[in-house]
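Notes to accompany the following structure.
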Amino acid sequence: MNGYETLIATLALTMGSSWASGINLYAALLILGLGGATGNIALPNELAVLENPFVIGAAAVMYLIQFFADKIPGVDSIWDAAHTFVRIPAGAMLAAGAVGDVSPALEIAAGILGGGTAATSHATKTGTRLMINTSPEPVTNWTASISEDLMVIAGLWTALNHPILFIILFIGFIGLAIWLLPKLWTLIRGLLMKMARFLKITSPPVSTGDSVGQKEK
């Protein structure tokens, strides 16, 4: 590959790995690790550790746990909340490793971009699944979970085989996330406030008139 093609391929792998980690980190690690170990994916030396059988085995075990946890209403949201502290740093590390042997400044820049990308995809996934959990039936959870797994597989395959197409789709995803996240936050905040009132975590404010009356008494 010439310099331009190498740059595009590196950019697609950098953004693709961090984007996928924000949705399903263990699936991303498993795909990259197995692909590198079988010779189907040429990973940079900095990501060669993903080809280690122990890393692949750990990713497979965690993926199986997530596969079932992600399909249980309520449990999936708790799992997502806990993995806020895992997916985002992992996305930053994968992005930093994907750029290969570069200067420390570029590696740090890639890590910052990767962490931001992982945070965006993670927030979009978590917010969407929390809203889905307002539905009493589990079918939508199963559909969403399986769709996310397939999306990670398809996204990484596109990033590795058709990097320009992936970058175009990635830009579209960022635009969608910018439009969607404020709306999700408004809905989620309203839902959390209703839950807090239901659980009596917050009490209704005392009116001024009642306060004055109590003081006079």
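At q = 0.15, 0.18, 0.23 Å⁻¹ the log10 of I(q)/I(0) for the stretch 42-152 amounts to -0.74, -0.97, -1.26, computed by Debye summation with a single uniform scatterer per C-alpha, solvent ignored. Across the alpha-carbon atoms of the stretch 115-158, the computed radius of gyration and Dmax are 11.8, 35 angstrom.
Counting every Cα pair in the stretch 1-100, what percent are over 16 Å apart?
Working: 2868 of 4950 pairs.
Roughly 58 percent, rounded to a whole number.
Would you mind counting up the charge near ASP149? Only other residues with Cβ under 12 Å from its Cβ, with Lys and Arg at +1 and Asp and Glu at -1. Mind dumping the intermediate values first?
On the way: positive: LYS71, LYS125; negative: ASP70, GLU148.
Combined, the nearby Lys, Arg, Asp and Glu give 0.
How much net charge surrounds GLU107 when only the other residues with a Cβ under 15 Å from the Cβ of GLU107 are counted, with Lys and Arg +1 and Asp and Glu -1? The answer is -2.
Computed about the Cα centre, the dipole magnitude for the stretch 46-156 is approximately 240 debye when only Lys and Arg (+1) and Asp and Glu (-1) carry charge, each at its Cβ.
Rule-based calculations on the coordinates, nothing more; no lab input. Worth saying up front: this structure is predicted, and the values here are computed from it rather than measured. Because the Cβ atoms are built from the backbone with ideal geometry, glycine has one as well, and the counts that use them run over all protein chains shown.
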